[in-house]
């Protein structure tokens, strides 16, 4: 038996893994979660829809706050029949893709550090800092934005913002190539990831794995493509899918996703229509009685919000289907049979955020 | 839309009860009621939407607890369902009716359609059969529902609390749950305050 965490730098948060070993081989892994449980779902029942937007930033996945806002608001707007003006939909799409880039950069940097490649971390955070600057200029916040509101976004983009965003997009593929140069051809990196931590396709679907983890196991499913929301139906992008199901495939999927995100942002800025950014919605909006389930593709995968309203100005019940929660469960399958030295590589490749797991 | 799936499900299992289908918005609007959405305005009384129709935006049906596993197996394996992906398992507490609605959201990766299953269980004796044998991914979701609602999933391989500590009392997401600070925490805070101020929490000179 080996106890890893809950305080350990490579658990990416507060996670405890109870690893049963036979010599150096892993027999079983039992993740022990709940250290960051803040019962966001309960808190939401006492807050208005607008207040809940702020709560999704903080209580859920803190590395992709805008993706959380989007999931919650998509459910709210569908249940309430609230219109979002076209300009706001496109602005949201741009922001969501920047959020994906920022989140993937943190994953790549920290995972590379886990595997002993410190330089990549510094490079990644250099670019991420520029995205956070863009966020700060548009939303006022670097990590927690409260930028998306019921019926649109809080403010229009500042003057010159799209030019700065395009300048970043023009430059980013070169940086992406730098990461590839540092990692992809690196024989140590290849040995530690190729063929390691395999999750077969059937197991991925049955265990509810989602997002890049599922796509690296050959599941060709992306919510942006399959069930388009915001402006995703009107932009052209590819969904990378790899059949191997190992750490290497999960790495390649996310690297390719970053390239596609840049593509989406460039198209969205080119198509950004003028007009209103928010429809008129009461501050304490009351939704009609009913239930809805809205799904989005957060950087970590299939993020769903199941919302039940009882006609009040607060939700009756909110269930957050967190992608990290299901992906962490799939980890138990990936780890079986590998060596204890692979634990860090496999765990990092799943890209979990513990506040997303625990909520 | 996947409402056709609900019809097919009902044809095979006559005991399931489909959700009422959502009407077009204009059909819902009765005079004197809020119509919600963009037209939402402050209602004169907080009536918890009394009299309003509950709209199900996701197609689905209520299933008797006794038939759940059988229905689940059919939904996973047989055409035209092939619902091989269980998004989540959770519950909604309706204390006024005295029931929990255990909720299962299912999705088909190949066919791209979805279905919501609900099982009504009494609040006094909340027991449902586990579907971990059908969808492995339901494992942790059922544990979470057990932890936060106190619903027992019979046949679950490892039904323990997952979020709260093992010695936690009560189930936080129930509507009648009231949070109280644990006694050890109150005593610790009182002691700390006494060390700083000479007076504990709530004490007067």
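The values are calculated or read from the model by the stated rules, or taken from the named source; none is laboratory data. It should be emphasised that the depicted structure is a prediction, and the values quoted were computed from it without experimental measurement. Virtual Cβ from ideal backbone geometry, glycine too; neighbours counted across all protein chains shown.
Let's see how each residue does on (1) crowded, with 21+ Cβ neighbours inside 10 Å; (2) not in a helix (DSSP H, G or I):
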site	(1), (2)
B:112	no, yes
B:117	yes, yes
B:125	no, yes
B:132	yes, yes
B:135	yes, yes
B:145	yes, no
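Is it the case that some residue within segment B:157-177 is in contact (Cβ under 8 Å) with a residue 12 or more places away in the chain, under 24 Å from residue A:30 (Cα atoms) and more than 14 Å from every other protein chain (Cβ to nearest Cβ)?
Yes: segment B:157-177 contains one or more residues that are in contact (Cβ under 8 Å) with a residue 12 or more places away in the chain, under 24 Å from residue A:30 (Cα atoms) and more than 14 Å from every other protein chain (Cβ to nearest Cβ).
Anything in segment B:73-93 that is surrounded by fewer than 23 Cβ atoms within 10 Å (Cβ to Cβ) and assigned to a helix (DSSP H, G or I)? List them, or say none.
B:73, B:74, B:76, B:77 - these are the residues of segment B:73-93 that are surrounded by fewer than 23 Cβ atoms within 10 Å (Cβ to Cβ) and assigned to a helix (DSSP H, G or I).
Taking interchain pairs and intrachain pairs at least six residues apart, which have beta carbon atoms under 7 angstrom, with the first residue in segment A:196-207 and more than 9 Å from chain B (Cβ to nearest Cβ) and the second part of a loop (DSSP other than H, G, I, E, B) and surrounded by fewer than 24 Cβ atoms within 10 Å (Cβ to Cβ)?
A:196/A:246; A:196/A:338; A:197/A:246; A:197/A:338; A:198/A:246; A:201/A:218; A:201/A:219; A:204/A:219
Could you pull out the residue among A:138, A:102, A:170 that is more than 30 Å from residue A:248 (Cβ to Cβ), more than 14 Å from chain B (Cβ to nearest Cβ), assigned to a helix (DSSP H, G or I) and at pLDDT 90 or above?
Just a single option satisfies the conditions, and that option is A:138.
Against the definition (in contact (Cβ under 8 Å) with a residue 12 or more places away in the chain, within 26 Å of residue B:165 (Cβ to Cβ) and within 14 Å of chain B (Cβ to nearest Cβ)), how does residue A:343 come out, yes or no? First the steps, then the outcome.
Values: in contact (Cβ under 8 Å) with a residue 12 or more places away in the chain: yes; within 26 Å of residue B:165 (Cβ to Cβ): yes; within 14 Å of chain B (Cβ to nearest Cβ): no.
No: the conditions fail for residue A:343.
So, residue A:272, is that one farther than 27 Å from residue A:329 by Cβ, within 11 Å of another protein chain (Cβ to nearest Cβ) and touching a helix residue (DSSP H, G or I) at 6+ places or on another chain (Cβ under 8 Å) or not?
Answer is no for this residue.
Would you check if residue A:37 is touching a residue at least 12 places away in the same chain (Cβ under 8 Å), surrounded by 19 or more Cβ atoms within 10 Å (Cβ to Cβ) and within 11 Å of chain B (Cβ to nearest Cβ)? First the steps, then the outcome.
Numbers: touching a residue at least 12 places away in the same chain (Cβ under 8 Å): yes; surrounded by 19 or more Cβ atoms within 10 Å (Cβ to Cβ): yes; within 11 Å of chain B (Cβ to nearest Cβ): yes.
For residue A:37, the condition - touching a residue at least 12 places away in the same chain (Cβ under 8 Å), surrounded by 19 or more Cβ atoms within 10 Å (Cβ to Cβ) and within 11 Å of chain B (Cβ to nearest Cβ) - is met.
Looking only at segment A:142-156, decide whether some residue is surrounded by 13 or more Cβ atoms within 10 Å (Cβ to Cβ), in contact with a helix residue (DSSP H, G or I) (Cβ under 7 Å, 6 or more places away or on another chain) and assigned to a helix (DSSP H, G or I).
The answer is no; no qualifying residue exists.
Looking at (1) within 23 Å of residue A:37 (Cβ to Cβ); (2) facing another protein chain (nearest Cβ under 9 Å); (3) modelled with pLDDT under 90, which is the only condition residue A:354 fails?
Of (1) within 23 Å of residue A:37 (Cβ to Cβ); (2) facing another protein chain (nearest Cβ under 9 Å); (3) modelled with pLDDT under 90, only one is false for residue A:354: (2).
Just checking, how many residues over segment A:186-231 are in a loop (DSSP other than H, G, I, E, B), farther than 30 Å from residue A:269 by Cα and touching a strand residue (DSSP E or B) at 6+ places or on another chain (Cβ under 7 Å)?
1
In segment B:105-141, what residues are within 11 Å of chain A (Cβ to nearest Cβ), within 21 Å of residue B:161 (Cβ to Cβ), within 15 Å of the chain's Cα centre (by Cα) and in contact (Cβ under 8 Å) with a residue 24 or more places away in the chain?
B:138, B:141
Tell me which of these residue A:159 doesn't satisfy, since it passes every other one: (1) over 19 Å from the mean Cα position of the chain (by Cα); (2) in a helix (DSSP H, G or I); (3) surrounded by fewer than 17 Cβ atoms within 10 Å (Cβ to Cβ).
Failing condition for residue A:159: (2).
Residues being within 12 Å of another protein chain (Cβ to nearest Cβ) and in contact with a strand residue (DSSP E or B) (Cβ under 7 Å, 6 or more places away or on another chain): count how many of those fall in segment A:1-34.
Residues that pass the stated criteria total 4.
Could you please tell me which pairs satisfy a Cβ distance under 6 Å, a separation of 6+ or placement on different chains, a first residue in segment A:280-303 that is more than 8 Å from chain B (Cβ to nearest Cβ), and a second residue that is surrounded by fewer than 24 Cβ atoms within 10 Å (Cβ to Cβ) and in a strand (DSSP E or B)?
Partner pairs satisfying both residue conditions: none exist.
Free of Cβ contacts under 8 Å to residues at least 60 places away in the same chain and either within 10 Å of chain B (Cβ to nearest Cβ) or closer than 16 Å to residue A:198 by Cβ (or both): is that true of residue A:359 in this structure?
Criteria not met by residue A:359.
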